[in-house]
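Below is one structure, written out as structure tokens; the observations come after it.
The values are calculated or read from the model by the stated rules, or taken from the named source; none is laboratory data. Computed from a predicted model, the values in this text were never measured in an experiment. Quick reminder, even Gly has a Cβ in these numbers, built from the backbone with ideal geometry, and neighbours come from all protein chains shown. Note: accessible area is taken over every heavy atom of the protein model, side chains too, but ligands, DNA and RNA are not part of it. Shrake-Rupley method; radii C 1.70, N 1.55, O 1.52, S 1.80 Å.
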Protein chains: 2
Amino acid sequence: MVINKNDLNAMGQAAKNAAYSLALLSTDQKNIVLRQMADDLVAATPTIIAANQEDLLGNLVAAKFVDRLRLTPERIADMAQGLRDVAALADPTAKIDRGWVNDAGLQILQKRVPLGVVGMIFEARPNVTVDASGLCFKSGNAVILRGGKEAMHSNIALVTVLRATLKTAGLPVAAIQLITDPSHELAAQFMHLTAYLDVLIPRGGAGLINAVVQQATVPVIETGAGNCHIYVDAHAELPMAIDITVNAKVQRPSVCNAAEKLLVHKDVAAEFVPALVTALRAHGVEVRGDDRVAALVPDVVAATAADWDTEYNDLIMAVKIVDSEDDAIAHINAHNTKHSETIVTNSIAAGQRFQQRVDAACVYVNASTRFTDGMEFGFGAEIGISTQKLHARGPMGLTALTTIKYEITGNGQVRQ
Amino acid sequence: MVINKNDLNAMGQAAKNAAYSLALLSTDQKNIVLRQMADDLVAATPTIIAANQEDLLGNLVAAKFVDRLRLTPERIADMAQGLRDVAALADPTAKIDRGWVNDAGLQILQKRVPLGVVGMIFEARPNVTVDASGLCFKSGNAVILRGGKEAMHSNIALVTVLRATLKTAGLPVAAIQLITDPSHELAAQFMHLTAYLDVLIPRGGAGLINAVVQQATVPVIETGAGNCHIYVDAHAELPMAIDITVNAKVQRPSVCNAAEKLLVHKDVAAEFVPALVTALRAHGVEVRGDDRVAALVPDVVAATAADWDTEYNDLIMAVKIVDSEDDAIAHINAHNTKHSETIVTNSIAAGQRFQQRVDAACVYVNASTRFTDGMEFGFGAEIGISTQKLHARGPMGLTALTTIKYEITGNGQVRQ
């Protein structure tokens, strides 16, 4: 199956036309196709694995990278299950947000409709191909995918299966398209395809996301950068503070909602910091500290200025002692990535100030940052976690892939 | 008062700091300042008029342009009244959208908060300076304004008044800043100020808006382009169709929600088109038509291909005869600016198809496109009418200048 000719204008126009068709499908029709895609993926396991082998053999890459790239029958089954889970979610476009009658007697309905055409730019995880295709399809959007060249054979195999399911169902295959030319020139053109793309969503590391934000003229939803902080206030329950810090750091250190930094009020530092360092080290965490931390625990690694802006995604935590809650808030607002921040305190006033003044999608009192997640929030599968303020913020469920449309019905009204 | 040194990074940082202060103000505090700004503007009328005279004398411009630029005591009083009207609106940040308790027992509140720093790029209307400042202040946002060089003296005078009010109230003057260097280099830098601007809103003609969309990497809300259509279906009540078409075309032809194009089903064309042309001409409208229209009314101006994509903003209307509703919908989706479209019909099926398939912010059945307006929708003063799909669509009230924040409160929860 010829996927495309990498003519982005032609792909964009085809996607737009496909999107107009998808918007007319009923929820039942979409769910049947999603479940069929799941079955067809499982049935194509040998073909997909063979394509994935080509990617693995063609890349001389780090073990960590190979793990992201590798597909197994279990992982293909997981991707298929993900599609079935998306089928089970509520259809975000089956919704009338509100309605009213205006002064002129017009009935105004504010309905949820698909965005239209979604662009996805991502790296070497082939599962993003299936996840994004499923979420876009369920929400009635066409998608154009631009994955990393390392996973190209895998992505082609996966997209070929999904498009075959669309074709069998009598739906436009242009609903799911893959850019197969991995050049930077084409990526740059993709980021400027304002005539056809309604939104561009980068999924991957900070480098990719920053590159897209800095270059794209298509509206971007920034996701996933997480330099998350925990602030242990003077009025904290210290055992709770240790539990929350250890959980937020070690439960899954590679993800964006893991904590990277710890700020401690000076009044509790002498009691808290040594106990905390012991607890973190028991979980294999390298602790870095400023001078005041080093005065309490002499063998911590010295934190440099760069540490405060670094997302480690690893078993490393930098600790700083602050003089006040205001200093903690100012430090967080200067260095965070607007993702998730926590205060541990028993003071109502301190908790209120922190939640009001810290600039982030999710601001916690007395809980681990690890809860910032579409499933934990009850949204179901997520497109990502938005760290920007426009359109969507925090965990994004299917609704983030929709917009509104006003449908207005009158009986001949004209404006006076 | 030195307004700034046109150092955009310094202005951005100052705006960000100011925004953190504004977000802490109560609704009462903001409303008092807005009313004081109104009084101070009126009191400064002679100074503002004098500055405006410099702009008028410095520009050799068309009469239409002079009218947009000219300030009179009445227009200054109108701007002041606009600020009082904004004070009377509900505070969009005084809102908790929803709340729930998740499976782990965390209380999650989804609150409305200001976006932070808003950038406005506009042309020669000095009233935008006051409107935008008032709307941004009410919603808790700092604003950086970049107006046209033709209105520079007027804008400096207006911003000086508003900042003096802020200063007297003990608030950061960086909440309202004006770029006084009108160079294109600085405008380009402004459009790439992603570190500080949360959103960029262009206000003006299609040329300005397209330039911003094509160049900016800051998230943009596109506003105001309106190539709006009326489709007269085979099942239309023809007198209603004439009333709606005349109203949508002539009631205020210079604005974005005025109709520019008329599509007529072939089955009613022979009866409808001659009557319609007579009615439009009675209001001074130049009618342009395709060949089939010319066959019915030989003296219409021949429409060219460019007509179908042109927003006239004037007493001109292009008319086309179509074979079917599908052809009308396809024509609209190919040529419209996603603003406002109307079908005149008595067929439920035709109305449903049109509202579902036409891709626009506002899709009407049996009403004039002129109702697409914040006041008509009941939203109060509007920032503009969004023709894009991300974040806001259609008439934008104060809520479009806010985002959400999740405030999550627990009692020590950690992720399992």
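By how many nm would the segment from residue A:50 to residue A:149 grow when fully extended, if each residue of separation counts as 0.36 nm and the alpha-carbon distance is taken off?
Working: separation 99, 0.36 × 99 = 35.64 nm, distance 1.65 nm.
Contour length minus the Cα-Cα distance gives 34.0 nm.
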Q: Filter the trypsin sites (Lys or Arg not before Pro) in the stretch B:342-416 to those in DSSP coil with at most 11 other Cβ atoms within 10 Å of their Cβ, and list the result.
A: none
Q: Could you calculate the FRET efficiency of residue B:323 with residue A:188 from 1/(1 + (r/R0)^6), where r is the beta carbon distance between them and R0 is 25 Å, rounded to 0.05?
A: 0.05
Q. Taking the label point as lying 7 angstrom from Cα along the Cα-to-Cβ axis, what are the distances from residue B:65 to the corresponding position in the remaining copies, in ascending order and in nanometres?
A. 5.6
Q. Taking a probe of 1.4 angstrom, what is the accessible area of residue B:198 in Å², to the nearest 10?
A. 30
Q: Considering only A:394, A:351, A:12, give the residue with the highest GNM mean-square fluctuation for chain A, with springs between Cα atoms whenever their separation is below 10 Å.
A: A:351
**Q.** Accessible solvent surface per residue of the stretch B:228-375, calculated while the other protein chains remain in place, 1.4 angstrom probe, Å²
**A.** 36
Q.
Need the list of aspartates and glutamates near residue B:405 for cross-linking: C-alpha distance under 18 angstrom, and skip anything on the same chain fewer than eight residues off.
A. A:222, A:341, A:359, A:373, A:376, A:382, B:91, B:97, B:198
Q: Would you mind putting A:289-302, A:311-324 in packing order, based on average other-beta-carbon counts within 10 Å, highest first?
A: A:311-324, A:289-302
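Suppose every Lys and Arg Cβ carries +1 and every Asp and Glu Cβ carries -1, with no other charges. What dipole size does chain A come out with about its Cα centre, to the nearest 20 debye? Spell out each step's value before the answer.
Working: 36 positive and 44 negative charges, 289 e Å.
Dipole size: approximately 1380 debye.
Taking square-rooted eigenvalues a ≥ b ≥ c of the alpha carbon gyration tensor, is the stretch B:228-375 rounded, prolate or oblate, where a/c under 1.5 means rounded and, failing that, a/b exceeding b/c means prolate? Walk me through the intermediate numbers first.
Working: a/c = 1.36, a/b = 1.12, b/c = 1.21.
The shape class here is rounded.
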Q. Relative contact order of chain A: what whole-number percent is it, with Cα pairs under 8 angstrom and at least 6 residues apart?
A. 18
Q | Calculated diffusion of the stretch A:227-288, Stokes-Einstein form, Kirkwood radius summed over Cα pairs, 4 °C and 1.567 mPa s, µm²/s | A | 111
Q: For chain B, just say rounded, prolate or oblate: build the C-alpha gyration tensor, square-root its eigenvalues into a ≥ b ≥ c, call rounded for a/c under 1.5, and beyond that prolate if a/b exceeds b/c, oblate if not.
A: oblate
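Stokes-Einstein diffusion coefficient for the stretch A:289-369 at 20 °C in a medium of 1.002 mPa s, Rh from the Kirkwood formula over Cα pairs: what value in µm²/s? Show your work: numbers first, answer last.
On the way: Rh = 13.8 Å.
For these conditions, the coefficient is 156 µm²/s.
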Q) Along the charge dipole of the stretch A:228-375, which of A:257, A:228, A:273 sits closest to the positive end, that is, farthest toward it, with unit charges on the beta carbon of Lys, Arg, Asp and Glu (+1, +1, -1, -1)? A) A:257
Q. If one computes P(r) from the Cα atoms of the protein assembly as shown, what percent of pairs lie at distances over 34 Å?
A. 56
(Q) Below 18 Å, Cα to Cα, which lysines can residue B:5 reach? Residues fewer than 8 away in the same chain don't count. (A) B:16, B:149
Q. Using the alpha-carbon atoms, what tilt in degrees (0 to 90, nearest 10) does helix B:45-58 show relative to the longest principal axis of chain B?
A. 60
Q) To the nearest 10 degrees, how steep is helix A:27-43 against the longest Cα principal axis of chain A, on a 0 to 90 scale? A) 80
Q. Got the residue A:266 label distances to the other copies yet, label 7 Å along Cα→Cβ, in nm, shortest first?
A. 8.5
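Just how many pairs of Lys in the stretch A:228-375 have C-alpha atoms closer than 16 Å, counting pairs that are eight or more places apart or on different chains?
Working: A:249/A:261; A:249/A:320; A:261/A:320; A:261/A:338; A:266/A:320.
Total qualifying Lys-Lys pairs in the stretch A:228-375 comes to 5.
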Q) Per residue, what volume in Å³ does the Cα convex hull of the stretch B:66-216 take up? A) 152
**Q.** Computed FRET value (nearest 0.05) for residue B:100 with residue B:356, which takes r as the C-beta separation and R₀ as 22 Å
**A.** 0.10
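Charges at C-beta only: +1 for Lys and Arg, -1 for Asp and Glu. How large is the resulting dipole of the stretch B:228-375 about its Cα centre, in Debye rounded to 20? Each step should come with its number before you reach the end.
On the way: 12 positive and 21 negative charges, 55 e Å.
Approximately 260 debye in magnitude.
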(Q) Quick one: 3J(HN,Hα) in Hz for the stretch B:324-329, Karplus 6.51/-1.76/1.60 with θ = phi - 60°, rounded, Gly and Pro as x. (A) 7, 5, 4, 5, 4, 5
Q | Dipole moment magnitude, nearest 20 debye, the protein assembly as shown about Cα centre, only Lys, Arg, Asp, Glu C-beta charged | A | 340
Q.
Consider the operator that turns chain B into chain A: which B residue has a Cβ nearest its axis, and what is that gap in Å?
A. B:391, 2
Q) Angle between the Cα long axis of helix B:73-88 and the longest principal axis of chain B, 0 to 90 degrees, nearest 10? A) 80
